[in-house]
1. Looking for something part of a loop (DSSP other than H, G, I, E, B) and surrounded by fewer than 22 Cβ atoms within 10 Å (Cβ to Cβ) - is there at least one such residue anywhere in the range 294-304?
2. Among the residues of the range 357-387, how many are in a loop (DSSP other than H, G, I, E, B) and surrounded by 20 or more Cβ atoms within 10 Å (Cβ to Cβ)?
3. Looking at 304, 290, 300, which is the one that is closer than 19 Å to residue 359 by Cβ and either out of contact with any strand residue (DSSP E or B) (no Cβ under 7 Å at 6 or more places or on another chain) or assigned by TED's automatic domain parsing to the domain that holds residue 405 (or both)?
4. Does the range 250-263 contain any residue that is buried (at least 19 other Cβ atoms within 10 Å of the Cβ) and at pLDDT below 85?
5. With respect to residue 354, determine if the residue is assigned by TED's automatic domain parsing to the domain that holds residue 229, buried (at least 17 other Cβ atoms within 10 Å of the Cβ) and in contact with a helix residue (DSSP H, G or I) (Cβ under 6 Å, 6 or more places away or on another chain).
6. Please specify each residue of the range 304-330 satisfying the condition of being more than 16 Å from residue 281 (Cα to Cα) and modelled with pLDDT of 90 or more.
């Protein structure tokens, strides 16, 4: 009987190993299927948001009511920003879709500026309407390209999960196909679309403003070290410079961050300025997770990160949370005066508190120490310029950008009218009302338009 014991044990062990292998294979396939479904949903939602933005923009163009135009433009803002977020979640190489992201961002910003004008009862001029028509045409073209891209993905047998499956033997074929898809046509055509120079909502889109960066010119190796020191989670990753940032307001280096477990096309990316070695932007396209931390803790982690990388005296202003992530706007504070020209946006994962996004071009372009003089008007005198129909909630001094790259010192009054809240900016020297913004309080955060 003993001589049969060993073979029996070996057979049992073999069956167990085979069973475990089948289990692992099925688990891997299940995860792969989950990823494919996830990315397909993200892609369909991207198409839907772009189409909705284009439709809302067309409604704004044909409407004659200031109120309706503002509503349709506000819807355009929401859809364009949501489209931008979906685009960054897809497993595309983010360097290749940079201009598409920029278009969606500027579409939202321009729609915001035009919505503000309509809320003020100002009729858009021919140049502004023409720009909106061109943006509508580009949004329509992008929508068509995305639909065609989706059809080619299906026809080519490309599974979105393949773009995240490590070691897939068809990965090179997939990459080649992705490069040939017509989304690249949109990237090339983006070079033709109109420059958006306008007095936006504290916008940094004044392209001709010369960056105020100071410091020594850094090398590629130093750029790699800057990213490594800024992000502890990337210390053991492969950080490399992939190119130079040129023909942009700020010259610098493109940086790619990955490790052996990073799916192809899903690397974190960043840009570091050549002068001074400042991080211009950073993006980690993580999958959405659970919301395990609150808004205040996320803001604290963002503040700590900004201090660590050399963005000091930044004060959180407004935030918006969605799908397990939160975007927090920060403005520079000098002598207890908020400087809206120096803006930084930080994205934090509500799953674990990781920093997964940074945009600091506006800050790097505009930041300098201001010679802030004492206001000619007292706070009480400025308060007299408010409508008697509103209730004051708070007030503080703030510097805001105005047309022509100029700035003005104002009193920022937060006021309530009915159930709505507004920000009213009164010139601290002349008493003129410089700007008024509506605060749209939502469960996920505050949108200012």
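1. Yes, that holds for at least one residue.
2. 2
3. Only one candidate passes the filter, namely 304.
4. Looking through the range 250-263, none of the residues is buried (at least 19 other Cβ atoms within 10 Å of the Cβ) and at pLDDT below 85.
5. Values: assigned by TED's automatic domain parsing to the domain that holds residue 229: yes; buried (at least 17 other Cβ atoms within 10 Å of the Cβ): yes; in contact with a helix residue (DSSP H, G or I) (Cβ under 6 Å, 6 or more places away or on another chain): no.
So residue 354 fails the test.
6. The answer is 304, 312, 313, 314, 315, 316.
A quick yes/no check of all residues on (1) within 18 Å of the chain's Cα centre (by Cα); (2) buried (at least 22 other Cβ atoms within 10 Å of the Cβ); (3) modelled with pLDDT under 85; (4) assigned by TED's automatic domain parsing to the domain that holds residue 280:
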site: 65; (1), (2), (3), (4): no, no, yes, no
site: 71; (1), (2), (3), (4): no, no, no, no
site: 76; (1), (2), (3), (4): yes, yes, no, no
site: 81; (1), (2), (3), (4): yes, yes, yes, no
site: 96; (1), (2), (3), (4): yes, no, yes, no
site: 102; (1), (2), (3), (4): yes, no, yes, no
site: 109; (1), (2), (3), (4): yes, no, yes, no
site: 115; (1), (2), (3), (4): no, yes, no, no
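The values are calculated or read from the model by the stated rules, or taken from the named source; none is laboratory data. What you see is a predicted model, and the numbers here were worked out from it, not measured in a lab. Because the Cβ atoms are built from the backbone with ideal geometry, glycine has one as well, and the counts that use them run over all protein chains shown.
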